[in-house]
1. Within the stretch 243-259, does at least one residue satisfy the condition of being in a loop (DSSP other than H, G, I, E, B), in the same structural domain as G207 (by TED's automatic domain parsing) and not polar (S, T, N, Q)?
2. Looking for whichever is assigned by TED's automatic domain parsing to the domain that holds G288, modelled with pLDDT under 90 and not charged (D, E, K, R) here; the options are T177, T138. Which one fits?
3. Could you figure out which of (1) part of a helix (DSSP H, G or I); (2) touching a residue at least 24 places away in the same chain (Cβ under 8 Å) isn't true of D232?
4. Could you check, for the stretch 296-305, whether at least one of its residues is at positive phi and assigned to a loop (DSSP other than H, G, I, E, B)?
5. What do you reckon, is A237 assigned to a helix (DSSP H, G or I) and without any contact (Cβ under 8 Å) to a residue 60 or more places away in the chain?
6. How many of the residues in the stretch 114-135 are assigned to a strand (DSSP E or B) and not assigned by TED's automatic domain parsing to the domain that holds G174?
7. Do you know which residues across the stretch 112-147 are over 19 Å from R282 (Cα atoms), more than 16 Å from the chain's Cα centre (by Cα) and hydrophobic (A, V, I, L, M, F, W, C)?
8. Kindly state which strands (runs of 3 or more DSSP E) lie completely within the stretch 51-106 and contain at least 2 residues that are closer than 29 Å to D35 by Cα and at pLDDT 95 or above.
Amino acid sequence: MINKARVGLAGDPDSSWRLIADIGGTHARFALADDYGALQSHETLECEAFDGPAEAARAYLSRQNVNSIRAAAFAVATAVYTDHIAFTNRASWSFSIRELGNQLGVQQFRVINDFTALALSIPRLDREWLVPVSGHGTRDFDAPLAVIGPGTGLGVSGVIPTRHGWQALAGEGGHTTLAPATEREVELLAILTRRFGHVSSERVLSGPGLSNLYQANCELSGLPPEDLKPADITERALSGECDICTTVVDDFFAMLGTATANLVLTLGARGGAYIGGGIVPRLADRIGHSRFRERFEEHGRLTDYLKDVPCYIVTAEYPALQGALASLSSA
């Protein structure tokens with residue numbers, strides 16, 4: 001199945017195009033970048049329809065009437081540490097960066113983590129794609145940026161200004177230990193510690209984390225949990241039909257505020273905190289009425305420091321494509 005977001009005939013005999021992709025476990029999103037850095041001919045393909053990323057890329061290029069490209073950049077939903085790439089949520093997909101570059105016929109081929117790509121996109125996004133969260137901070141345009149994104153997991157990154165442009169930090173910050181900030185959170189995390197042993201930030205600040213928080217809240221309240229998916233929890237919280245679901249979403253935003261502030265302090269990110277991922281943009285109306293900003297600023301002697309740091313929700317539809325393109329120029 002192919003979902004046509006916007007398809008154009010991009011055929012060009014002089015091979016001036018660069019192939020840009022954002023590949024997850026379910027969808028592979030492609031676009032072509034011209035010499036001016038404009039992305040066009042967006043298309044979303046279903047991963048299950050192809051044996052691997054090479055086949056998906058060839059199908060996309062064929063539909064665009066493009067026979068050759070001069071460079072490519074792929075953002076992938078998995079760790080990128082070696083030449084061998086294996087997708088976390090699509091076990092049948094794996095590839096060698098070197099071999100795929102040869103198959104595509106390009107000398108310049110970048111493969112980066114999808115959240116690193118999101119981070120690289122932040123300095124390049126128009127203001128219309130950045131929704132301010134309550135607070136009065138002012139961005140320092142010469143300072144690092146903090147990027148955090150609850151989704152299937154918890155993406156954490158930073159973007160650092162250098163004389164060669166913006167550089168993204170690739171790490172595994174979502175797996176750092178989550179610290180409680182209230183006595184009630186101590187009890188909640190104690191429940192999760194008994195279950196998991198180690199409670200990382202991702203165990204709470206993610207889609208599955210919402211389910212974990214829900215079950216912990218039910219246990220703390222002495223109530224039997226229902227079989228609710230993360231989407232059910234947020235839907236019931238927004239409708240007001242489930243008090244525990246409302247509490248879960250409130251807890252989620254409170255702890256996200258603390259985790260985001262910790263990242264800002266670690267990086268010295270006076271350029272702002274940017275929240276992406278699949279959860280918060282869908283709850284943009286809710287976060288402004290939550291304890292997120294209060295908890296973001298509650299850091300003792302550094303409270304005034306954090307009051308001056310703005311927070312934004314990233315609402316761009318496919319920012320990882322823009323970040324993948326940016327990685328070609330930062331290579």
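The values are calculated or read from the model by the stated rules, or taken from the named source; none is laboratory data. All of these numbers come straight from a predicted model, not from anything done at the bench. Using ideal geometry, Cβ is built from the backbone for each residue, glycine included, and neighbour counts are taken over all protein chains shown.
1. As a first pass, look at the stretch 243-259 and keep what is in a loop (DSSP other than H, G, I, E, B): none.
Checking the stretch 243-259: not a single residue is in a loop (DSSP other than H, G, I, E, B), in the same structural domain as G207 (by TED's automatic domain parsing) and not polar (S, T, N, Q).
2. On the way: T177 fails: modelled with pLDDT under 90.
Selected residue: T138, the only one of T177, T138 that is assigned by TED's automatic domain parsing to the domain that holds G288, modelled with pLDDT under 90 and not charged (D, E, K, R).
3. Status for D232: all satisfied but (2).
4. Narrowing the stretch 296-305 to residues at positive phi: 300.
Subset that is assigned to a loop (DSSP other than H, G, I, E, B): none.
No, the stretch 296-305 contains no residue that is at positive phi and assigned to a loop (DSSP other than H, G, I, E, B).
5. Working: assigned to a helix (DSSP H, G or I): yes; without any contact (Cβ under 8 Å) to a residue 60 or more places away in the chain: yes.
Here the answer is yes, as A237 does meet what is asked.
6. Step one: filter the stretch 114-135 for residues assigned to a strand (DSSP E or B), giving 130-132.
Then drop every residue that is not not assigned by TED's automatic domain parsing to the domain that holds G174, which leaves none.
Going through the stretch 114-135 one residue at a time, the tally reaches 0.
7. F141, A143
8. On the way: elements: 71-76, 84-86, 94-96.
Qualifying strands (runs of 3 or more DSSP E): 71-76.
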